[in-house]
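**Q** Quick one: the structure is below, and I'll ask about it shortly.
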Amino acid sequence: MKYIFFLLSASLLLASCTEDFFSQTVKIDPPEYDKQLSFHLLLDQKDSAIRIVVSRNYGILESPESFDDWFVKGATAELYENGQKWLTFTPLSVDSSFVLTAVLTHPLQPGSTYEIRAAHPDFPAVRAVQIMPADFQIDSARVKYNAVPGEFGDRIDLAEVFFQDQPGVKNYYEVKLFKLFYETRYDPQTGEMDTLGVVENAVYVDGYNDPNVQAGFYNGGLISDQFFDGQTYKFQARFDSQSYGTADSSIVVRVRHVTEDYFKWSRSYEANYEVDENPLVEPVSIYHNLENGLGIFSVSNRKDIEIH
Amino acid sequence: MQRINTFCPPKPAKIFVFILFLLFSWQIRAQDKFTISGTVTDQSSGEYLIGATIRDVKSGKGTVTNTFGFYSLTLPSDSALIAITYIGYKPGAFQFFLDKNTAQNISLEPGSVLREVEIKGERYERIEERAQMGRIDVPIQQIKNVPAFLGEKDVLKALQLLPGVSGGGEGQSGIYVRGGGPDQNLILLDGVPVYNVSHLFGFFSVFNPDAVKDVSLIKGGFPARYGGRLSSVIEINMKEGNENEFHGEGTIGLIASKLTLEGPIKKGKSSFIVSGRRTYIDILARPLIKAGFKADGSDGVVGYFFDDVNAKVNYKFSEKDRVFLSFYAGQDKFYFNIEENDEEYEDRFKAGLGWGNITTALRWNHIWTPKLFANSTLTFSRYKFETSNGFESREFENKALISEDKFDLNYFSGISDVAAKIDFDYLPSPEHYIRFGANAILHTFKPGDFRSSYSSFEAGEDISSFSSNYVQPNVQATEFAAYAEDDWKINSSFRVNAGLHFSGFALAGKPYFSLQPRLNARYLLDGGWSVKAGFSTMRQYIHLLTNETIGLPTDLWLPTTKRVKPQDSWQAAVGTAKTLGKDYEFSVELYYKEMNNVIAFREGSSLLQFEGWEDRVSQGRGTAYGSEFFVQKKTGKLSGWIGYTLSWATRQFDDINFGKEFPYKYDRRHDFEVTGSYKFTERFSLAASWVYSTGNAVTLGNSQYLGPSNYGNYLSTITHTPKRNNFRMPSYNRLDVGVEFTKKKRRYTRTWAFGAYNAYNRKNPFFLFTDTEYNNGQTKQVLKKASLFPVIPYFAWSFKF
């Protein structure tokens, strides 16, 4: 009998060496999902005209036939201030009715509650609530050129911002640096260069070296006051201004007092971007605050300092 | 202000000493009582029998042997009828008049499986009699009966078939007990912790069953003598070696062969055992691999092997003193070298991966008095991991070297321990079994050294080169513990095991202390049922950063620091147990466990980033609860067990999943396993195992939407993941079968083993991935699971003499 088993085992062993045995893959059902509206609305008190692009989600394996299928036409949206309807969004145009716009009649007020509501007959209604963070002051800001060693042994610049944290409450901030670009045109009549406009270019930050600061969306440095509650905080960021055009153009330091929701969204959004489906990196979930929807609604208090 | 250079015992230490005092202060010198003591051994081999029952039939008083076969039974001066029983052995008995302290060593004759087919073992300590909960003893023969992957019988793979224990899945090396992590298991080989128990990326464990005598698993209700890990204690004791005759056994299998030799060095005084094994796929496949490279115009070799060796010697200096020296060394090595040569260029590439353990234990048993036994141990344990790769590239023109590039990268990490401990067993009366002791461990952590160098040369140009070393200095830390426990038979129904474990850890001026109470209680009901309850608190000072995803042994053991706190847990359990019929042990346990400061990588941390580990980890809370049902039959023609676990395990970290609780990756709602072997005749046996478990929880996006691009004013597609570990992989189930044909030859006994792993070719999930399918010009995204092993048959030839 043992010879029968031997032959049986040997034949099975040989069979197991075929490609079908070792490249075993089987289709399985993807995770279920709910159809939801999606948009991102990041407001600060310097905004005057606002817009949202209303889109929808698809299953992880679904592929919309065209890019336009992502967008949801015919949605409505309203913005409430302290429980009272403040603004009704209107479609940008008939063709672009998925873009909803509104004009703010006054700036956002610190301490006020803002609520966004959006709806469409085919999707669950969406809402989110935010409280405008308190006003704050930047004590000072400066840029030290060629102040610190860079990654490759060269000298790079250091931005320093000092601001006062409000004690007794959890505060979150975002600091971004922008280099200003002046769009110019030669005027043959005057023989001089005319300035057509100013463009802000977000500056890539080399590093922070500060456990209070985490990388956020679009080169933002996110700060939680957990370890400096009520104190003057010194923010430092290393960057290379030479990478952004002429040395004599201005640097804008933008500090925003943001909500906890924004802090969580921005941090997770950036981390998710960095992960980029790398299987060797721990997965990152992106934070949302839209009830029954995907995306973020946030309000922030913003201060800019231009450094020449 | 911080006080230094003075030592004031911490509060927990004072409490510990006080309770220790109370524990022993009840002692009143018993009059007219004498003690019978000695060891219980196997008659044929002289091996100590662990857990043998010694009972005075007249009074009903009894005790069990400890890890070194020692027993002590104090009885009133009277005639005594002592019965000795042990599973798999013929019972022994002797009658005498006890009028003085008596030393009596006892040998039991094995109930020969081959001659009698049925193993006798009627009156060992029954499951309902034991106070301790959460403990499972698995006879090594039962482990050897379990059909195994490629025929390689494996201790840990067999333990993974027990309720409350899981192995993560195929291609994963960890062991997960009651919702705990892979670092929370104290795995002891002859009392020495083994840090990495995996061979071949987790498909085998480092324990060679031929050299193992005894295996036990404790997953809750931890007695006070154990500490240092939160979730389990797996105690594996090696054989001592036959002290009467020279014997050997070996196996030639599909991928590995092994050989074990044992025998007396000096009969009745000293014996040895040595056991080794090695895989040889690399050797067998080498000609084929080389030919394959040659066909591609290159010269190369790729291979993998593991080997290990266990050795142990012992010497009996007197009836009261015996010394054991045991040693284990094992390594895994993967290598890949390729070379391409031409008249114009030479290219060489090499890569290697290796890891391994060394453990050594020197143990001294001393019987101080008939009631007091001591075991003193010095141990050494080392685990190291190393990886290297590099290339050399040279270009020639008219045989003259015109350019050269060289690159080398090496990484090392590891941990080593030097430890000393002393354990006492004190048996003042049949009602009390007191254990106390202390230990100290000096840990040396090697958190990881990166060394890389690059040089480049081109004719006519200077040589450019750089080297980069990221060397993290070794970290030394001291861990120490002391304990006392009493297994107290209060009356015929009520028995408790109560104790305290005190531990401490010191690293760079930051001391931690912990006092951990432990309690197990059992109450015997009518009808042979018992109800049990247990409570234990545990503390763990060392942490493991491991890669659970891709099966590489990149284990990095790290200490508790000022920033990274020790892990703590408490566990409570209740249950019932009964021996059904003659030899079916049945138990049900309900447990609840909370773990604090469990460790995990932060979101977005790379698993292959080795520096700055404290910044990349997060500490949080773990909760596990469930119920376990277990039926085990250790004796008879049919032996095996059935286990079922219904459980929940979750984790919560402030900076993972936005602080919300989520299922642990190895949260298994259902886990069912049945394994058994049936011995039809002396020559033929059949064994089978079937397992079913809920799939692992994994993080998988369920939808996609448009979000702002991170670098520009356009929209990009974002994957939405509702929460961590939101998706269940398909369930895991597998049947393994095996048959054995045994024949006694003139000089030896040989066994042919045949079997199949995954007999019905279940495509069990290994990992999930998305793929694009093309059909009639249309593309479609699909989700697929990849499986690792189809049905894999095996055969092996083994011998024993």
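Rule-based calculations on the coordinates, nothing more; no lab input. None of these values were measured; they are calculated from a predicted model. Using ideal geometry, Cβ is built from the backbone for each residue, glycine included, and neighbour counts are taken over all protein chains shown.
**Q** What FRET efficiency would be calculated for the residue pair B:ASN101, B:LYS266, taking the C-beta separation as r and a Förster radius of 41 Å, to the nearest 0.05?
**A** The value I calculate is 0.90.
**Q** Can you work out the FRET efficiency for the pair A:VAL169 and A:ASN209, with r the C-beta to C-beta distance and R0 = 25 Å, to the nearest 0.05?
**A** 0.40
**Q** Next question, about the same structure. Plugging the Kirkwood radius over Cα pairs into Stokes-Einstein for segment A:133-236, at a temperature of 25 °C and a viscosity of 0.890 mPa s, what D comes out in µm²/s?
**A** Calculated translational D: 152 µm²/s.
**Q** Taking a 32 Å limit on the Cα-Cα distance, which of the listed pairs B:LYS333/B:LYS634; B:LYS239/B:LYS565; B:LYS33/B:LYS90; B:LYS58/B:LYS266 fall beyond it?
**A** Beyond 32 Å: B:LYS333/B:LYS634; B:LYS239/B:LYS565; B:LYS58/B:LYS266.
**Q** How much length is gained if the chain between B:PHE494 and B:ARG126 is pulled fully straight, taking 0.36 nm per residue apart and subtracting their Cα-Cα distance, in nm to one decimal?
**A** Result: 131.0 nm gained on full extension.
**Q** While we're looking at this one, here's another question. Counting partner chain Cβ atoms within 10 Å of every residue's Cβ in A:61-68, what's the average?
**A** Average neighbour count from other chains, rounded to a whole number: 3.
**Q** Determine the calculated [θ] at 222 nm for chain A from helices alone, applying -39500 (n - 2.57) to every DSSP H run no shorter than 4 residues and normalising by the residue count; nearest 500 deg cm²/dmol.
**A** -3500 deg cm²/dmol
**Q** Could I have the simple spin-label model distance between A:ILE131 and B:SER731, label points 7 Å from Cα toward Cβ, reported in nm to one decimal?
**A** 4.9 nm
**Q** I need the calculated FRET efficiency for the pair A:ASP276 and B:LYS399, taking r as the beta carbon distance and R₀ as 41 Å, to the nearest 0.05.
**A** With a Förster radius of 41 Å, E is 0.30.
**Q** Can I ask one more? Counting only residues 5 or more places away or on other chains, whose amide H sits under 5 Å from the amide H of B:GLY228 once H atoms are built in the peptide plane?
**A** HN-HN under 5 Å from B:GLY228: B:ARG539.
**Q** How shielded is A:31-39 by partner chains, expressed as the average number of their Cβ atoms within 10 Å of its Cβ atoms?
**A** 4
**Q** Tally Lys/Arg at +1 and Asp/Glu at -1 over every other residue whose Cβ is under 14 Å from the Cβ of A:ILE138; what's the total?
**A** For residues surrounding A:ILE138, the net value is 0.
**Q** Dividing the Cα convex hull volume of segment A:80-195 by residue count, how many Å³ per residue is that?
**A** Dividing the Cα hull volume of segment A:80-195 by its residues yields 313 Å³.
**Q** Another question about this same structure. Of all the Cα-Cα pairs you can form in segment B:205-333, what percent are over 26 Å apart?
**A** For segment B:205-333, the fraction of Cα-Cα distances above 26 Å is 45 percent.
**Q** Go through segment B:176-192 residue by residue and turn each phi into a ³J(HN,Hα) via Karplus (6.51, -1.76, 1.60, θ = phi - 60°); whole Hz please, and just put x for glycine and proline.
**A** Going residue by residue, I get 10, 10, 6, x, x, x, x, 8, 9, 10, 8, 9, 10, 10, 6, x, 9 Hz, with x marking Gly and Pro.
**Q** Give the long-range amide H neighbours of A:TYR182: residues separated by 5 or more places, or on another chain, with amide H under 5 Å away, using H modelled in the peptide plane at 1.01 Å from N.
**A** Result for A:TYR182 returns A:VAL199.
**Q** Provide Rg and Dmax in Å for chain B, with only Cα atoms included in the calculation.
**A** Taking only Cα atoms of chain B, I get Rg and Dmax of 28.7, 102 Å.
**Q** Once amide H atoms are placed 1.01 Å from N in the peptide plane, what residues at a sequence separation of 5 or more from A:GLN45, or on another chain, have their amide H within under 5 Å of its amide H?
**A** A:SER300, A:ARG302
**Q** Students often get this wrong, so check it: of A:LYS234/B:LYS562; B:LYS153/B:LYS784; A:LYS85/B:LYS660; A:LYS264/B:LYS562; B:LYS679/B:LYS745, which have C-alpha atoms separated by over 30 Å?
**A** Distance filter (> 30 Å) returns B:LYS153/B:LYS784; A:LYS85/B:LYS660.
**Q** Could you state the angle between the C-alpha long axis of helix B:11-25 and the longest principal axis of the C-alpha atoms of chain B, as a value from 0 to 90 degrees rounded to the nearest 10?
**A** 30 degrees
**Q** Once you've got the GNM for chain A with C-alpha springs shorter than 10 Å, pick whichever of A:LEU280, A:LEU92, A:LEU41 has the biggest mean-square fluctuation.
**A** Highest fluctuation of the listed residues: A:LEU280.
**Q** Please report, in whole Å, how far the alpha carbons of segment B:337-493 spread along each principal axis, starting with the longest.
**A** 94, 30, 27
**Q** Further question: For the protein assembly as shown, just list the percent of Cα-Cα distances falling in each 10 Å bin from zero outward, please.
**A** 2, 8, 15, 19, 18, 14, 11, 7, 4, 1, 0, 0, 0
**Q** Can you give the percent of C-alpha pairs in segment A:133-172 whose distance is more than 17 Å?
**A** Summing the P(r) of segment A:133-172 above 17 Å gives 51 percent of all pairs.
**Q** Can you work out the Karplus-derived ³J(HN,Hα) for every residue in segment B:298-314? Use 6.51 cos²θ - 1.76 cosθ + 1.60 with θ = phi - 60°, whole Hz, and x for glycine or proline.
**A** My calculation for segment B:298-314 gives 10, 10, x, 8, 9, x, 9, 8, 9, 9, 8, 9, 10, 9, 8, 10, 9 Hz in order.
**Q** OK, next. Ranked by Cβ crowding within 10 angstrom, fewest neighbours first, how are B:SER388, B:SER72 ordered?
**A** By the 10 Å Cβ count, ascending, the order reads B:SER388, B:SER72.
**Q** Right, something else. Could you work out the mean count of beta carbons from other protein chains within 10 Å of each residue's beta carbon in B:781-789?
**A** The per-residue average across the peptide is 5.
**Q** Which net charge results for the neighbourhood of B:SER275, defined as the other residues with beta-carbon distances under 12 angstrom from its beta-carbon, given Lys and Arg at +1 and Asp and Glu at -1?
**A** Here the count lands on +1.
**Q** Any idea what the dipole of segment A:178-260 comes to, in debye rounded to 20, about its Cα centre with Lys/Arg Cβ at +1 and Asp/Glu Cβ at -1?
**A** Using Cβ point charges on Lys, Arg, Asp and Glu, segment A:178-260 gives about 160 debye.
**Q** Taking every eigenvalue of the Cα gyration tensor of chain A, multiplying by 5 and rooting it, what semi-axes result, largest first, whole Å?
**A** 45, 30, 23
**Q** Something else about it: By the scheme Lys and Arg +1, Asp and Glu -1, what is the net charge of all other residues having a beta-carbon under 10 Å from that of B:LYS593?
**A** +1
**Q** Report, in deg cm²/dmol and to the nearest 500, the calculated mean residue ellipticity at 222 nm for chain B, where each DSSP H run with n ≥ 4 adds -39500 (n - 2.57) and the sum is divided by the residue count.
**A** Dividing the helical sum by the residues of chain B leaves -1500 deg cm²/dmol.
**Q** So how much slack lies between B:GLN141 and B:ALA420, counting 0.36 nm per residue of separation and subtracting their Cα-Cα distance, in nm?
**A** Computed gain between B:GLN141 and B:ALA420 is 97.3 nm.
**Q** Another question about this same structure. Step through the residues of segment A:99-109 one at a time and calculate ³J(HN,Hα) from phi using the Karplus curve (6.51 cos²θ - 1.76 cosθ + 1.60, θ = phi - 60°), rounding each to whole Hz and writing x for Gly and Pro.
**A** Values, residue by residue: 9, 10, 10, 7, 10, 6, 7, 7, x, 4, 9 Hz.
**Q** Report relative contact order for chain B in percent, whole number only (criteria: Cα-Cα under 8 Å, sequence separation at least 6).
**A** It comes to 11 percent, rounded to a whole number.
**Q** What length, rounded to one decimal in nm, is gained on full extension from B:TRP797 through to B:GLU458, with 0.36 nm per residue of separation minus their alpha-carbon distance?
**A** 116.2 nm
**Q** What whole-number volume per residue, in cubic angstrom, does the convex hull of the C-alpha atoms of segment A:37-131 give?
**A** 107 Å³
**Q** For a label point 7 angstrom out from the Cα of B:TRP648 toward its Cβ, which stretches of segment B:565-608 have the backbone nitrogen within less than 18 Å?
**A** Only B:570-574, B:589-596 pass the distance filter.
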